[in-house]
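The values are calculated or read from the model by the stated rules, or taken from the named source; none is laboratory data. Not measured: the values here are computed from a predicted model. Glycine gets a Cβ as well: all are built from the backbone with ideal geometry, and neighbour counts include every protein chain shown.
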Amino acid sequence: MQGFWADKRVTVTGGAGFLGKHLVKRLERMGAKVFVPRRADYNLTALDACMKCLLEHPCDILIHAAAYYGGIGINVTQPASLYYTNLVMGANLFEAARLTKTGKVVAIGTACSYPGYLEGHLKEEDLWAGPCHASVVNYGLTKKMLAVQAQAYKRQYGLDSIHLILTNLYGPGDSYNPERSHVVAALVRKWVEAEAAQAPSVEVWGTGKPIREFIYVEDCADAILLAAERYNDATMPLNIGTGVGTSIRELAETVHDVTGFRGKLVWNTDKPDGALMKVLDVARLTAVLDGWTAPTNLRDGLAKTVAWYRAHKEEADAKW
Ligand SMILES: NC(=O)c1ccc[n+]([C@@H]2O[C@H](COP(=O)([O-])OP(=O)(O)OC[C@H]3O[C@@H](n4cnc5c(N)ncnc54)[C@H](OP(=O)(O)O)[C@@H]3O)[C@@H](O)[C@H]2O)c1
């Protein structure tokens with residue numbers, strides 16, 4: 001992989017974010033010339049800013065990892081902001097990429113784009129098999145539009161791009177802010193705080209039965225860069241995940257073990273569960289990446305995450 005990236009000019013939108021930082025670290029290590037447009041300098045919702053970014057920093061590969069999103073709360077309180085920011089940012093970046101003759105766009109998508117009412121291992125072909133889940137439609141659909149735009153821009157302008165569909169990430173650098181955090185970060189914070197407070201118990205919502213998939217952020221960054229190097233089909237998205245389903249109960253119990261918290265785990269079954277199973281099919285990913293599978297198992301990934309969180313609690317709790 002080193003050879004491919006050496007001296008490549010790579011722009012990473014969202015490069016200062018949770019995933020983006022891990023991408024940038026790897027790219028720099030492999031000799032790429034990386035540019036990260038920050039929102040304060042290049043608000044990518046404006047076409048002018050996208051043009052300015054790509055004209056001032058022409059690139060061989062544009063990794064679009066910027067997004068405005070969060071957990072269920074922000075989907076309820078800011079549906080219009082999620083919709084507008086992500087839709088317009090993606091549309092304008094693609095347009096600027098073709099106008100500036102950018103080599104290849106790597107669009108970072110999300111499993112929230114999959115039909116919300118399909119269960120089981122989700123294949124790339126299933127992307128259009130039904131509507132997004134109502135709770136994430138304003139975010140999921142805008143990311144899905146990037147897959148449509150990739151096909152249209154390839155057909156009409158010959159712009160090379162790929163669309164990568166990511167499952168849930170966790171790991172060092174995530175947001176642990178309750179307004180924003182996802183399930184792993186929320187559980188890690190709860191347990192670490194319960195342990196520090198010597199609390200007798202910790203409450204978790206639901207029955208713990210739903211099955212979800214979690215990929216360690218560093219594994220995900222590796223897979224994205226391998227896919228950027230080897231995958232070129234603008235007409236077919238590519239899933240990035242582990243293919244391994246984990247129940248919320250198993251996740252919670254593993255966090256419990258890893259933090260060393262000895263209090264009781266209490267399930268609040270009055271709270272809703274959500275879809276029963278949501279796991280990506282990774283057959284295409286494994287084929288494209290010559291047998292690659294995510295090397296970090298959940299327990300090891302959580303141990304690294306908890307250690308990082310303990311060392312960076314203040315910064316992690318404040319991160320949007
Ligand atoms: N985390 C997950 O579990 C997960 C799962 C599936 C898919 N994804 C996707 O993976 C990507 C990275 O997610 P993440 O968790 O790393 O996100 P994050 O930590 O929230 O970082 C997002 C970045 O986007 C940038 N951004 C937002 N609005 C912008 C704007 N208007 N103009 C320019 N930049 C803007 C921000 O830049 P500044 O720092 O300069 O403000 C921020 O650093 C996203 O596309 C997300 O949809 C994430």
Filtering the stretch 6-33 down to residues that are of a type in the set (A, V, I, L, M), within 14 Å of the ligand (Cβ to nearest atom) and under 21 Å from E95 (Cα atoms) yields V12
Got a sec? Which of L44, L55 is surrounded by 19 or more Cβ atoms within 10 Å (Cβ to Cβ) and either touching a residue at least 12 places away in the same chain (Cβ under 8 Å) or away from the ligand (no atom under 14 Å from the Cβ) (or both)?
L44
Taking G3 as meeting all but one of (1) more than 12 Å from the ligand (Cβ to nearest atom); (2) modelled with pLDDT of 95 or more, write down the number of the exception.
(2)
Which one of the conditions (1) more than 9 Å from the ligand (Cβ to nearest atom); (2) farther than 19 Å from A150 by Cα does I63 fail to meet, given that it meets all the rest?
(2)
On the basis of being touching a Cys at 6+ places or on another chain (Cβ under 8 Å) and part of a loop (DSSP other than H, G, I, E, B), does A199 make the cut?
no
Scanning for something within 30 Å of C59 (Cα to Cα) and either away from the ligand (no atom under 16 Å from the Cβ) or among the small types (G, A, S) (or both), does the stretch 138-146 turn up at least one residue?
yes
Could you tell me which residue of the stretch 167-223 is surrounded by the most Cβ atoms within 10 Å (Cβ to Cβ), considering only residues that are more than 16 Å from the ligand (Cβ to nearest atom) and of a type in the set (A, V, I, L, M)?
V204
Restricting to the stretch 1-41, what's the tally of residues that are on the phi > 0 side of the Ramachandran plot and surrounded by 21 or more Cβ atoms within 10 Å (Cβ to Cβ)?
1
